[in-house]
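We did not get these values from a lab; they are worked out from the coordinates using the rules stated. On a predicted model such as this, the values are computed, not experimentally measured, just so you know. Quick reminder, even Gly has a Cβ in these numbers, built from the backbone with ideal geometry, and neighbours come from all protein chains shown.
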Amino acid sequence: MPDRPGRIAEAVLVCLDLGEADYAEGVEEMQELTASAGITARALIKGRRARPDPAFYAGKGKVEEVARTVASTGAGVAIFNHELSPVQERNLERALGCRVVDRVSLILDIFAQRAHSHEGKLQVELAQLDHLAPRLVRGWTHLERQAGGIGVRGPGETQLETDRRLLDKRVKLLKEKLAKVKSQRAVQRRARSRSHVTMVSLVGYTNAGKSTLFNALTRAGVYAADQLFATLDTTTRRVHTANGARVVVSDTVGFIRGLPHTLVAAFRATLEETIHADLLLHVVDASSADRAARIAAVDQVLAEIGASAIPQVLVMNKIDRTRFSPRIERDDCGRISRVWVSAATGVGVEHVRLALEEHSGNALGHKELESSAAA
């Protein structure tokens, strides 16, 4: 890691166009992620490439441009809106003389800032260690083979090997702790299922307004802010319905395009609430011009975790920022498939409650049938 002085809270952003259709939206999202991490963007560098360079991701000329910009702005970090390999990251740090962070590391840093519960911290640390493991070599390449020490390291073991061994032990411990969390959640779900409770999960792209809707439905008062990944810790509350049905709603972590697989794996214990839900309220920012791509990104993650077959109701949120009016849309079978609301102002939230009431009746019937069959 270079020790060149620089302001870590200030960065140069690098966004290369590799021919993606949503490049402009990706650049805007990168700027939002940077701001959410508490980092000030001193400059934004763009460029076009047919494919990533194996050694530096960017071409030689672009790397030189980034280096000049880093030097002139005094920024302490260069953030790439791409997933860099350990080799690319190491080569760029040597060439730029500053710390280099890729998209995955940036998201992990935001998650580390937002996690407050014991479970959330465990999940974030596990994801960070999984991402760090192949990058350990850069921190210890200057060390020569060490002499063995009793109780410290094996004969002739390098500091890198010691560090990897300690990291492996920590990863194993974290996975054991998260396995206990998963077991506890399973017990809670079985108890709710025996009580014929309809389980609903709020899912959606980050900053779509899930926590705001959760508060509007439950009056829970969970933290909600106009920033990416404001919520990491899952919260579950009961929703009172007009038909008296027992409905519990869980507010979950938001998704994002290119969500790191290490995060999906680490947060599987939390996402179990989604996998075992009776209904998904898929919250969408109706004011976003990129909403179709964001819906697709969420559906992709749902498919990855095995939740694609769960019934969904699309909640088109933030209509107060648009010309849309609150309304309900039904599918060919007469079921509510889409509602238009503003969770912030409360307009149309009654449509979401109606969807919960209608589905809770159907879910209750299915659970009673399952109970009868089991008996």
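One table, with the values for the structure above:
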quantity	calculated
Cα centroid separation, the stretch 5-66 to the stretch 305-338 (Å)	35
Violating pairs (Cα-Cα greater than 20 angstrom) within the set 177/210; 121/180; 175/210; 46/318; 180/210; 182/210	177/210; 175/210; 46/318; 180/210; 182/210
Ordering of 23-31, 164-172, 94-102 by packing [mean C-beta count within 10 Å, highest first]	94-102, 23-31, 164-172
Where labels lie 7 Å past Cα in the beta-carbon direction, separation of residue 32 and residue 275 in nm	2.8
The stretch 33-114: relative contact order as a whole-number percent, Cα under 8 Å and 6+ apart	34
Cut-off 19 Å (backbone N to label point 7 Å along Cα→Cβ of residue 183), residues of the stretch 96-140	118-120, 122-123
324, 214 arranged by Cβ crowding within 10 Å, fewest neighbours leading	324, 214
Linear extension gain, residue 169 paired with residue 330, 0.36 nm per residue minus alpha-carbon span	52.8 nm
Simple label model, 7 Å out from Cα along Cβ direction - residue 55 to residue 40, nm	3.5
Prolate/oblate/rounded label for the stretch 17-139 (Cα gyration tensor, a/c 1.5)	prolate
